[in-house]
Every structure is written in structure tokens, then in C-alpha cells.
Amino acid sequence: MIEIRRSNERGRTKIDWLDSYHSFSFGEYYDPTNLHFGPLRVMNDDLILPDSGFPTHPHNNMEIVSDLLEGTVAHKDSSGGEGTITVNEVQRMTAGSGIRHSEFNPSAVEDLKLLQIWFIPNKPGLTPSYEQKKFAHEDKQNKLLKVVSGVKEDGVIFINQDAVIYLSDLDKGKQVTYKVLDGRGVYVHVIEGSANVNGQSLNSGDAAKLTEEKEISISAETDSKIILFDMTMDF
């Protein structure tokens, strides 16, 4: 079964420094039929203007993954930790028992674009922590590259949930396929470009929720950036 959510069906928060699209209920956007997909709770597509960002705010009991698309984000937290994330880097923050942090676009001229992805963790009260890695375009080109997993693996970011994230930079005309195990759900989001997913044409910002599918076929109709989630639906 495949359910398509179009880009213009997403919620939106637009203020003077932030333009954010919400694939699931978030903030003032509430849809009781679209609260989550398995443990995937938040999928926000954020554009943050120069010299601006999220002031210090709290999180707890959430696994937060940031995928940097353009620009740089500077972050700082209540434990004294701080750093930056740049293009093609992915970061996981375990909010766990509670953490306060800020995220800021330090550039005076460049916009910041990123995906903010939240998973409900497999247990509450975890010790807050960070992990981040850089994944080159060449490693994602015309294939699905595993970047996040609930199983500890070399070169892959660990997350406290039974979920896997793949990234792919597909050239026009190229195709990737993905085998799905029983009981798993797959969520495919087109970050940029246009792609055909199991016979459905998706454009930038569109997504597909797939359940009870044995295989996922993704064909690039234009040069495209894709993110694919494979996760437990026993939730």
C-alpha cells in the first residue's frame, strides 16, 4: 500500500527568519490523522535566514537527526557542548533525560537549509549525547547510502530506535531498488528534484508512506535528492 503526501499538504510555519514545512503535526499545525509514521514523529524542512536561528530551548525523550542541505548550523547546549554542522553532514542528538540547546545560522549572507527529523526513542530517560558524520556526494550518488541505524555499525550514526535512514543523490534516469522485510514501513521523501516511487511521480517536498510492500523502486525523473526511512511499525 502506498499513500502520497504532497508538498502543498504539509503544514507551514513562516516568520521573519524561518520558513519551515512540516510533514507531520508540529507546532500550530495539527492533523490527528498525521501525527507520526511508526516512530517517525517529525520531519521538518527548514530554511533559516542569515544571522538568525532557534534560541535556547529544551528537548527530552527524542532522537533528533539533522541533515544539512545548504549552509552551516552552529549549535550549543546546556552541557557546555558546542559545534557546527556543514553540508553533507548528518547529526544525531539524543535528548534523553533532558537538554537545552540552540541552533543558529552564523553566516551573514548565506541561507541555511536542513531537514530536522525526530524519532520517539525506544526507551525514555537516556543520557543526552551527540554523534555526527560527513557523507560525501560520491558515496550517495546513484545508490542508497545507509547513514543512520538502530544497530551500531562502522561509519553509520547510531540511533536509539529500530529505524534506518538512507540518502541518495540520483542522476536523471538512474534507478535504485530497496527490499522491504515483513512488518516494516518505508517513508520516502523527495528532498529535491522529481522521482517515480513504485509508479507514483513525486516532486520536491512530496513523500510516500509505504506499508506491506516487498520492494521499493525509485527512478529519478530529474537529478534528485532522496531520503528513505525503513522502520518498525510495531509502535
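For the range 193-203, which residues satisfy the criterion of being in a strand (DSSP E or B) and free of Cβ contacts under 8 Å to residues at least 40 places away in the same chain?
The answer is Ser194, Ala195, Asn196, Ser201.
Ala95: modelled with pLDDT under 95 and more than 24 Å from Phe26 (Cα to Cα), yes or no?
no
With respect to the numbered conditions (1) touching a residue at least 60 places away in the same chain (Cβ under 8 Å); (2) under 25 Å from Asp19 (Cβ atoms); (3) not polar (S, T, N, Q), which one is the sole condition not fulfilled by His101?
(1)
Can you name the residue in the range 57-82 that is free of Cβ contacts under 8 Å to residues at least 60 places away in the same chain and in a loop (DSSP other than H, G, I, E, B) and is also farthest from Phe158 (Cα to Cα) among such residues?
Residue satisfying both the conditions and the ranking: Gly71.
Only one of Glu103, Glu131, Glu138 is among the acidic types (Asp, Glu), outside any loop (DSSP other than H, G, I, E, B) and crowded, with 18+ Cβ neighbours inside 10 Å. Can you tell me which?
Among Glu103, Glu131, Glu138, only Glu103 is among the acidic types (Asp, Glu), outside any loop (DSSP other than H, G, I, E, B) and crowded, with 18+ Cβ neighbours inside 10 Å.
Taking the range 181-235 as the region of interest, how many residues are touching a helix residue (DSSP H, G or I) at 6+ places or on another chain (Cβ under 6 Å) and of a type in the set (Asp, Glu)?
Total meeting the criteria: 1.
Among the residues of the range 162-175, count how many are of a type in the set (A, V, I, L, M) and either assigned by TED's automatic domain parsing to the domain that holds Ile85 or in contact with a Ser or Thr (Cβ under 6 Å, 6 or more places away or on another chain) (or both).
So the answer is 2.
Condition (residue is in the same structural domain as Ile216 (by TED's automatic domain parsing) and under 26 Å from His36 (Cα atoms)) applied to the range 134-145: is it met by at least one residue?
Yes, the conditions are met somewhere in the range 134-145.
Which condition does Ile159 not pass, out of (1) in the same structural domain as Asn61 (by TED's automatic domain parsing); (2) in contact (Cβ under 8 Å) with a residue 60 or more places away in the chain; (3) in contact with a strand residue (DSSP E or B) (Cβ under 6 Å, 6 or more places away or on another chain), if it passes all the others?
It fails just one condition, (1).
The values are calculated or read from the model by the stated rules, or taken from the named source; none is laboratory data. Here the structure is a predicted model, which is why all the values come from computation and not from measurement. Positions of Cβ are generated from backbone atoms using ideal geometry, with glycine treated the same way; all protein chains shown enter the neighbour counts.
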